[in-house]
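The values are calculated or read from the model by the stated rules, or taken from the named source; none is laboratory data. None of the values given here were measured: they were computed from a predicted structure. A quick note on method: Cβ atoms are made from the backbone with ideal geometry, for glycine too, and the neighbour counts reach across all protein chains shown.
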Amino acid sequence: MKVEGKIVLVTGGAHGIGRALAERFHAEGARGVAVADLDGEAAAKVAEGIDGLAVTADVSREAEIRRAVAETEERLGPVDLLCSNAGIGYSDAPGWTATSQSNEQWEKIWRVNVMAHVWGARAVLPGMIARGGGWLLHTSSAAGLLSQIGDASYSTTKHAAIGFAESVAITHGDQGIGVSVLCPQAVDTAMLAAAVGVTAGEAAKIDGVLEPAEVAAAVVRGLEAESFLILPHPEVSEYMRRKAADVDRWLAGMRRFRRSMFPDDEMMDLG
Ligand SMILES: NC(=O)c1ccc[n+]([C@@H]2O[C@H](COP(=O)([O-])OP(=O)(O)OC[C@H]3O[C@@H](n4cnc5c(N)ncnc54)[C@H](O)[C@@H]3O)[C@@H](O)[C@H]2O)c1
């Protein structure tokens, strides 16, 4: 699918990857771009730069997603491409076990990283199907195909997001609905900077870290190719192949990698 001439809504569009997507879609000739974000002030700045529409919305609430879609459709026109991109991450700190995050954190991340995709799809699919087609871009992560060490709830929710996208593709593909899942490894945004303890902009110096604009370019290529999986880091497909070929061997390799990251971890003594 080509973005030119389309109405696009990007959640989490005020910063990072979402901002780069909104700006790139505008540059590609989108007819209108809506930037929805919890940070309304920053969303307004991004929208101003691309002659778009800013919507303040918390995607952890279904009613706010419905309102963002309704506002976009009223002001710009029917949504052709919905990018459910807003996401959050928590590490397993300080306990560093797979269950050490609180129930509140698990529930919050589940709503933002998974349910927001379900609610976005629920809001736009009936109109898209009635009009004969539309596209959903769901931002997951390489952590949704592989796993991110030390981030159990992030890895779990990103896997679930891919599961939901597969269900949409299978259930609604014959009704003209296309779905792509964006699965990058590290990208230089505030989320990564917080995770690795540097300021945004500095993470780019780490090997393999992409700029948000490079991810947006990969998205445009992936949408044009109508690919389900969009992998801005091409090595991820090789990692997936190795995992699928021998999951037990892959898990042993991940445990080795974890031991190298947490050499003093007392949990290591357990096994
Ligand atoms: N940065 C990376 O290395 C990386 C890698 C893989 C996947 N991702 C995914 O990319 C997506 C974008 O992340 P980013 O790296 O650009 O992070 P970011 O923190 O720079 O941007 C996230 C944006 O989402 C918004 N947001 C957060 N919670 C929200 C909510 N409840 N409602 C509305 N908006 C909300 C934030 O205000 C922010 O503008 C996320 O889904 C993330 O998991 C990021």
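Specify which of the listed residues (Ala43, Ala86, Ala14, Ala70) is near the ligand (Cβ under 9 Å from one of its atoms) and either at pLDDT below 95 or part of a helix (DSSP H, G or I) (or both).
Just a single option satisfies the conditions, and that option is Ala43.
Under the condition of being within 16 Å of the ligand (Cβ to nearest atom) and of a type in the set (D, E, K, R), which residue from region 97-145 is farthest from Ile65 (Cα to Cα)?
Result: Glu104.
Name the residues in region 223-249 that are of a type outside the set (Ser, Thr, Tyr), in contact (Cβ under 8 Å) with a residue 60 or more places away in the chain and assigned to a helix (DSSP H, G or I), would you?
Once the filter is applied, which keeps residues that are of a type outside the set (Ser, Thr, Tyr), in contact (Cβ under 8 Å) with a residue 60 or more places away in the chain and assigned to a helix (DSSP H, G or I), region 223-249 yields Leu223, Glu224, Val236, Met240, Lys243.
Can you name the condition, by its number, that Gly201 falls short on among (1) outside any loop (DSSP other than H, G, I, E, B); (2) over 26 Å from Asp80 (Cα atoms); (3) more than 9 Å from the ligand (Cβ to nearest atom)?
Every listed condition holds for Gly201 apart from (1).
Within region 21-40, which residues are crowded, with 21+ Cβ neighbours inside 10 Å and not in a helix (DSSP H, G or I)?
The answer is Ala30, Gly32, Val33, Ala34, Val35, Ala36, Asp37.
Out of (1) under 15 Å from the mean Cα position of the chain (by Cα); (2) surrounded by fewer than 20 Cβ atoms within 10 Å (Cβ to Cβ); (3) farther than 28 Å from Met1 by Cβ, what's the single condition that is false for Val118?
Going through the list (1) under 15 Å from the mean Cα position of the chain (by Cα); (2) surrounded by fewer than 20 Cβ atoms within 10 Å (Cβ to Cβ); (3) farther than 28 Å from Met1 by Cβ, Val118 breaks only (3).
When region 150-198 is examined, which residues are found to be within 23 Å of Phe262 (Cα to Cα), away from the ligand (no atom under 13 Å from the Cβ) and buried (at least 19 other Cβ atoms within 10 Å of the Cβ)?
Correct list: Ala152 only.
Pairs, please: C-beta under 9 Å, at least 6 apart or cross-chain, first residue within 12 Å of the ligand (Cβ to nearest atom) and in region 207-222, second among the hydroxyl-bearing types (Ser, Thr, Tyr) and not in a helix (DSSP H, G or I)?
Qualifying pairs under 9 Å: Pro212/Thr189; Val219/Ser180.
Just a yes or no: is a residue in region 45-54 hydrophobic (A, V, I, L, M, F, W, C) and within 16 Å of Gly127 (Cβ to Cβ)? Before the answer, list the steps.
In the first step, residues of region 45-54 are kept if they are hydrophobic (A, V, I, L, M, F, W, C); the result is 46-47, 50, 53-54.
This time we only want the ones that are within 16 Å of Gly127 (Cβ to Cβ), so: none.
No, the conditions are met nowhere in region 45-54.
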